[in-house]
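**Q** Take a look at this one; I'll ask things after.
What follows draws every value from the coordinates through simple rules; no lab data is involved. Owing to the predicted nature of the structure, the values given are computational and were not obtained by experimental measurement. When we count neighbours, we look across all protein chains shown, and the Cβ atoms used for this are built from the backbone with ideal geometry, even at glycine.
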């Protein structure tokens, strides 16, 4: 408690020790507060100037901005070909062999689930089925079915090569599909001979694909129509 009282006494002594302000300084401060400041009018003048400049800028149209592009590089002018270069180019053209345009015709044939595509080109009378020569087939009946359209063609059969690709189905289905494909390919290759009417008169199935399909198997039987036998003993 003694410490607190001592601190209060010190404060009061300090307040009493502070000298009173001089009357001259007090009068100057009162005069400055009463008189208008010198800085205020300068700020007002600056604000008025900025407002006037903004109003003028709004009235004037904005200048068009020109896009700055990179300087265009001028390509060098091509040099004219010298006579030596021209001679070399002409020699190359003459040295090239002329392109021979060979006549090719592709046709399709179907039988059941077998699909065959026959390609006919000028050649020596060779017939290949799936990259194998037809004469390599062991079954003569199948071989005769495939080569049947060539028998009705005549001597022109020795001047062409036929390549057949067959997939799907069985042996007889593939043979009949190849037969139809060869007949249609010959009709397209020898378009001036009117082979279509000739083949239709001989056998319509040479040109037109057979639309028949195998009937699907049903339950309660081994095939489409046959039924399992019953025994009551």
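**Q** In nm, what is the difference between 0.36 nm times the number of residues separating residue 204 and residue 223 and their Cα-Cα distance?
**A** Working: separation 19, 0.36 × 19 = 6.84 nm, distance 2.98 nm.
So the extension gain works out to 3.9 nm.
**Q** List 205, 163, 131, 231 from most exposed to least, where exposure is judged by having the fewest other Cβ atoms within 10 Å.
**A** By the 10 Å Cβ count, ascending: 231, 131, 205, 163.
**Q** Please rank 190, 199, fewest neighbouring Cβ atoms within 10 Å first, as an exposure proxy.
**A** Details: 190 16, 199 23.
Ordered from fewest to most neighbouring Cβ atoms within 10 Å, 190, 199 come out as 190, 199.
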